[in-house]
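Working notes, structure below.
Where a number appears in this text, it was derived from the coordinates with a stated rule and is not lab data. This one's a predicted model, so the numbers in the text were calculated from it and none came from an experiment. Positions of Cβ are backbone-derived with ideal geometry, glycine not excepted, and every protein chain shown enters the neighbour counts.
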Amino acid sequence: MTLISRSVPARGEGTVLYPVTNVNDPDYDTQYRCTPTCAADLDISRAPSNQRQTVVFSWYNDANTFQDVAERVGAYNEPRDFTIDVNGAPGGGVPPTTGWRTLRAVTGNVYDAGQYVLTLGGASWIRMRVTAANGSPGNRDASWQMDVASANSGVNDTWLFLGDSITNNSMTHREPTNWMQAISAAKPSYWPSEVNGGMSSWLTSTFLDTDPKTGQPYITDFLNAFPDAHYVTINLGSNDVGGGVSASVVLAHMETLVHDVIKAGRIPIVPTIPSAPASCRPSLANDNPATPGTANYAIVHTLYSAFPKVVHGPDLWTYFHEHPSLISTSGAPGCPHPTSPRGENEYRALWARTMLSEVYR
């Protein structure tokens, strides 16, 4: 996919609090913020017409957790009710005031990101218009960054990184070089859409628990919320192994999660469970993929064989076993998380290198 929205002319609608140019600049640590009802309009007319047909539209708000209700945390300027609209009026001037056509309408959103395959039909303008937000007093505005990537050659470069707090900390978009930028730097013709689905403190079993609001397992909720995500990672196991869950139980849960991802028509990606120094997590330090009876051995020698569709993720155990200084052993973020920012940067870089080898060949 080719990014066609970077730093194109942007205009804000409504009460603008942070510059609208933040909405599509290269720095994902800066976001547009406005008071609903409000919008950010992008003039994408500079892109060739053939790049304005099928696109992947993505928005991100990394100030929030992936799904704040399930994680039982408060929201922060999170778009709740919004539309994605397009307009065929000529670009190069002020945004049109009439003629907008809604391609996607969302109400009651509880996620910190969105990812949609849209048919623009050559439209020159695209906007995200927010009418309500989730938040607390003082933080009920709407804040986001957004990308528009041409997908005429295919819409499969869409990713949902499900995982625990290690994923949540390490796969954000706000670093100087995030995962999307790392892939594009190595393969300039690619610009993936990446949703960070890390859920702090969650185990493999938590993803299989029933969401009381929907009556479905959380894994089903997440897959349904992001139907256009082609690749789905399952970055789990640290909280299981660290908490004494047996390898056989971890394997059974992982097999169910992989089955659910495949049943939904997606491609699952499973890494090994990261190592940690024995001084803080001896069970993770001993979870060697080469040692029979460990959870990582079950992933490498049973899960991979049983599900040939699984893309092998990075060998996180071996990498962090060989680089123990990259795991935080005191202070924030704490064991078994990678240190911030160096360990998190290396975690993200390892994911990029592995996917460049396994997917972007």
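Worth a mention:
- Measuring r between the beta carbons of VAL249 and SER357 and using R0 = 22 Å, the FRET efficiency lands at 0.10.
- Positive end of the dipole of the stretch 269-361 (Cβ unit charges, origin at the Cα centre): among SER275, PRO314, SER357, the Cα lying farthest that way belongs to SER357.
- Gyration tensor verdict on the stretch 2-150 (Cα atoms; rounded if a/c is under 1.5, prolate if a/b is larger than b/c, oblate otherwise): prolate
- Under the convention that each Lys and Arg Cβ holds +1 and each Asp and Glu Cβ holds -1, the size of the dipole of the stretch 2-150 around its Cα centre is about 460 debye.
- When both the stretch 50-88 and the stretch 182-251 are represented by their alpha-carbon centers, they are found 18 Å apart.
- Label positions at ARG46 and CYS335, each projected 7 Å from the Cα along the C-beta direction, are separated by 5.1 nm.
- From its DSSP helices (H runs of at least four residues, each -39,500 (n - 2.57)), the chain gives a residue-normalised ellipticity at 222 nm of -6000 deg cm²/dmol.
- Extension gain, ALA278 to ARG174: 0.36 nm times the residue separation minus the Cα-Cα distance gives 34.4 nm.
- Spin-label zone in the stretch 192-221 - amide nitrogen under 11 Å from a point set 7 Å from the Cα of ILE262 along the C-beta vector: none
- Relative protection proxy for 96-105, 327-336, 23-32, 268-277, from highest mean packing down: 268-277, 23-32, 327-336, 96-105 (other beta-carbon atoms within 10 angstrom).
- Cα-based shape type of the chain, given that a ≥ b ≥ c are square roots of the gyration tensor eigenvalues and the cut on a/c is 1.5: prolate
- Amide H within-cut-off set for ASN134, under 5 Å, with H built and near neighbours excluded: GLU78, ARG80
- Sites ASN139 and ALA105 - FRET efficiency at Förster radius 22 Å, r taken between beta-carbons, to 0.05: 0.35
- Shape analysis of the stretch 158-358 places it in the rounded category; the axes a ≥ b ≥ c from the Cα gyration tensor give an a/c below 1.5.
- Label-to-label distance, nm, for residues given as THR37 and ASP209 (7 Å Cα→Cβ offset): 3.8
- Look at the dipole of the chain built from charges on Cβ: of SER200, ILE44, PHE222, the Cα furthest out on the positive end belongs to ILE44.
- Förster radius 30 Å - calculated FRET efficiency between HIS301 and SER200 (Cβ-Cβ, nearest 0.05): 0.55
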